[in-house]
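Just below is one structure, and these are the notes that go with it.
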Amino acid sequence: MIEFRLLDVIEHVAPFDAQWYLETYADTKLTGLSPRQHYAHFGHFLGRGISAEVANPIALPGLANALSRKPVVSYCTPIMNRGADIMGTLAANLEANRAVADSLEFVVVFMDEDHETHNWVRENFDADLTSGYLRMVIEPPLDGWHFGKAKNRHKHYAIGEIYSSLDGDNFVTEAETRQLIDLARACPDGFVFHHFTGNWGDGSSGRISLPAWLYREVGYDEKMMPRQYDEMDVLLTAMVNYPNIPFARIKADNHGFSSKRSREFFESAGVGNEIIELDPVERCLPLNPRGDTYVGDDHAMVAMTTFNQGACFLKNATDPKLRDKYLGLAVQGRHEVVDTVPKEKILGTLFHSSGNPEAGSLEVGEDDVCIVACMKNDHNFLRPFYEHHKALGVKYFFIVDDGSSPPLAETLSYEDVFIFYPKVGSFLTAKGLWMEGMAKAYLDEGQWMLSLDADEFFDLPEGFDTFPDLTRFLRARGQETMPALLIDLVPSPDVSQEELERVETEFEEIFSHHVWVEDEITQDYANYGSVKWAFGPYAELSWRLDTRYHAYQTFDSLRKIPLIQFRKGRHINQGFHTLHYNDGTPNPGPEIWDTDLVLPIRHYKLLKLFSTAARERMAAMVANADNSAYHARTTENIAKIFGTGGEEQMRRVLSLPSRPLAENALRALCPANFNGDSSS
């Protein structure tokens with residue numbers, strides 16, 4: 001990493017002239033690197049100059065010595081618009097550690113445009129900057145503060161054997177430094193060290209140290225919430241991946257992994273790294289110490305802790321049951337995040353800046369329906385998806401782009417479509433969080449949101465022409481949610497090969513049928529866990545339309561609850577199959593089907609089976625099942641459908657009894673007519 005270190009040290013002594021460098025060394029353009037990057041990677045090692053006045057930087061007084069320093073510890077401090085913090089601690093930290101200065105470097109990375117503080121550092125610490133004892137790097141600001149992203153910035157700059165985190169308001173004593181150096185010498189093969197004293201709010205809980213190679217390999221998880229449990233995730237992930245390295249901590253009754261959840265994880269996941277307990281040494285309270293209840297007093301921080309802890313345990317667990325357990329913990333956390341983070345902050349917490357309207361700035365009527373969705377690629381669906389639902393009266397479309405290539409905004413360039421790019425979470429842990437976050441930003445409690453995927457096209461029940469017609473009716477009879485049936489569409493039994501070659505672009509015409517099985521429902525099907533949970537006595541409704549079960553004996557719930565009034569405490573399920581409540585309201589059961597109205601969803605999932613290109617993509621996903629973004633059962637079902645020969649799998653679907661969509665029978669479905677209890 002030495003090349004990244006050079007520029008901040010050299011530029012403090014003599015400014016780098018980018019234009020001069022570009023004009024003087026013509027090969028710079030060939031690499032595609034900026035002049036600064038080119039010099040860092042190549043120019044320095046070729047002995048090149050940095051300006052017309054400085055043809056040989058190494059000849060500058062003291063620079064050779066600064067560049068030859070080999071510190072043991074890099075104290076790494078990220079700063080973003082907190083100049084007062086570093087002004088209050090930097091001088092004290094430098095002076096306190098001068099006796100061991102040859103073994104140290106203090107690396108301050110500013111991610112802001114606080115020129116006043118930058119100049120203050122240059123003017124007051126010239127000698128330390130020149131010697132390399134202190135290093136200052138200026139980087140572009142973050143898109144909102146995020147501890148993990150900020151602390152990862154030092155990967156490019158720290159050159160000590162040991163990475164040690166040091167927040168801007170933290171003090172570090174010589175005794176602490178010597179303790180850390182002694183630990184490093186005692187553990188040459190690696191270690192992780194949590195500096196937590198056991199006292200919350202004293203600035204020690206966020207301080208960790210580990211070998212620089214391990215810091216660069218593991219690093220902070222940038223998918224986590226902006227704060228809370230980030231440092232514990234680094235420690236735990238390192239321990240799980242390197243079970244032979246010891247975990248060092250300060251002797252105390254309380255330590256970072258003292259919580260019941262952490263202890264349960266260590267036991268169930270078999271984390272058994274050696275523990276080294278170190279005696280407390282002299283230390284100083286931070287510039288702005290907080291009370292020991294500062295986390296518990298902030299409900300949003302508690303929620304972020306729950307989410308990050310669940311995500312940490314999930315990624316470090318291998319047993320499927322454990323993974324399900326900790327996915328549930330992350331889901332609990334995401335629900336709490338939506339409920340506790342204020343409306344005006346929710347977009348900045350979850351998404352990159354995008355130029356979309358501010359939270360609460362859009363006019364949405366009480367009967368309007370807004371779509372909230374999460375999509376990745378599926379570009380062939382996008383325009384038909386928009387045009388179909390816009391024709392049904394959808395007011396606005398709020399869509400998360402989960403890494404599409406090309407970006408969805410290039411296809412969905414409509415004034416009423418707003419695209420968001422997540423900066424926390426993953427599809428598995430945060431799909432619902434992203435969608436509810438958008439809803440919270442733009443909807444008031446009691447307004448309608450419609451959740452769906454790109455390959456799902458809603459139709460309305462008979463008697464309704466637009467969604468506002470339907471929601472007006474539902475509101476009048478006091479109904480806040482509405483069930484829907486997921487119906488896999490299929491081609492006609494005599495579909496031609498020529499038609500299948502056009503299936504990606506003409507799917508609405510070619511997928512013109514739906515399965516309808518008249519055979520008597522089997523008890524094995526009716527009593528299967530997911531069917532019984534979703535439909536109960538209405539299992540026949542699912543049986544008639546369950547294409548994937550009849551073709552492949554897989555169980556994918558056809559039940560959805562996608563149309564709901566947004567309110568605190570009510571949360572959507574990952575696949576929209578149910579609703580979760582954390583305010584004491586019972587979660588919905590099979591009684592949702594005791595109704596005369598249901599939303600039919602035309603589902604084009606099986607397009608991926610009948611399209612050669614899409615089938616190959618799904619087969620690749622099956623081959624990489626260990627990294628699946630779906631729940632375990634969904635991943636298993638995908639493998640059954642797409643993991644074997646395409647011709648046979650297509651034949652199974654086409655051999656099922658089906659009806660033309662044009663008969664319009666789906667819009668007339670009355671779920672109450674399929675109640676097995678009432679008909680028996």
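The values are calculated or read from the model by the stated rules, or taken from the named source; none is laboratory data. Remember, it's a predicted structure, so these values are computed and weren't measured experimentally. Using ideal geometry, Cβ is built from the backbone for each residue, glycine included, and neighbour counts are taken over all protein chains shown.
Per-structure values
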| read-out | value |
| --- | --- |
| Residue match in the stretch 375-387 (condition: assigned to a strand (DSSP E or B) and under 22 Å from VAL337 (Cβ atoms)) | yes |
| Verdict on ASP459 being touching a His at 6+ places or on another chain (Cβ under 7 Å) and closer than 30 Å to PHE610 by Cβ | no |
| Wholly within the stretch 500-588, strands (runs of 3 or more DSSP E) carrying at least 3 residues that are under 27 Å from PRO660 (Cβ atoms) | 513-515, 559-565 |
| Conditions (1) closer than 26 Å to GLU508 by Cα; (2) surrounded by fewer than 20 Cβ atoms within 10 Å (Cβ to Cβ); number of the one not met by PHE385 | (2) |
| Enumeration of residues in the stretch 114-125 that are surrounded by 12 or more Cβ atoms within 10 Å (Cβ to Cβ) and under 36 Å from the mean Cα position of the chain (by Cα) | ASP114, THR117, HIS118, VAL121 |
| Sole exception among (1) at pLDDT 95 or above; (2) under 24 Å from the mean Cα position of the chain (by Cα) for VAL192, by number | (2) |
| Meets criteria (at positive phi, more than 32 Å from the chain's Cα centre (by Cα), not assigned by TED's automatic domain parsing to the domain that holds PRO15 and not β-branched (Val, Ile, Thr)) for GLY88 | no |
| The stretch 322-375, residues that are small (Gly, Ala, Ser), closer than 17 Å to PHE307 by Cβ and surrounded by fewer than 20 Cβ atoms within 10 Å (Cβ to Cβ) | GLY328, GLY348 |
| Residue list for the stretch 8-31, filter: without any contact (Cβ under 8 Å) to a residue 60 or more places away in the chain and among the β-branched types (Val, Ile, Thr) | ILE10, THR24, THR28, THR31 |
| Residues of the stretch 130-142 classified as surrounded by fewer than 21 Cβ atoms within 10 Å (Cβ to Cβ), touching a helix residue (DSSP H, G or I) at 6+ places or on another chain (Cβ under 9 Å) and at pLDDT below 95, total | 6 |
| Count of residues meeting criterion [touching a residue at least 12 places away in the same chain (Cβ under 8 Å) and under 36 Å from the mean Cα position of the chain (by Cα)] in the stretch 475-496 | 12 |
| Identity of the residue in the stretch 199-220, buried (at least 20 other Cβ atoms within 10 Å of the Cβ), within 24 Å of the chain's Cα centre (by Cα) and in contact (Cβ under 8 Å) with a residue 60 or more places away in the chain, that ends up farthest from HIS352 (Cα to Cα) | TYR215 |
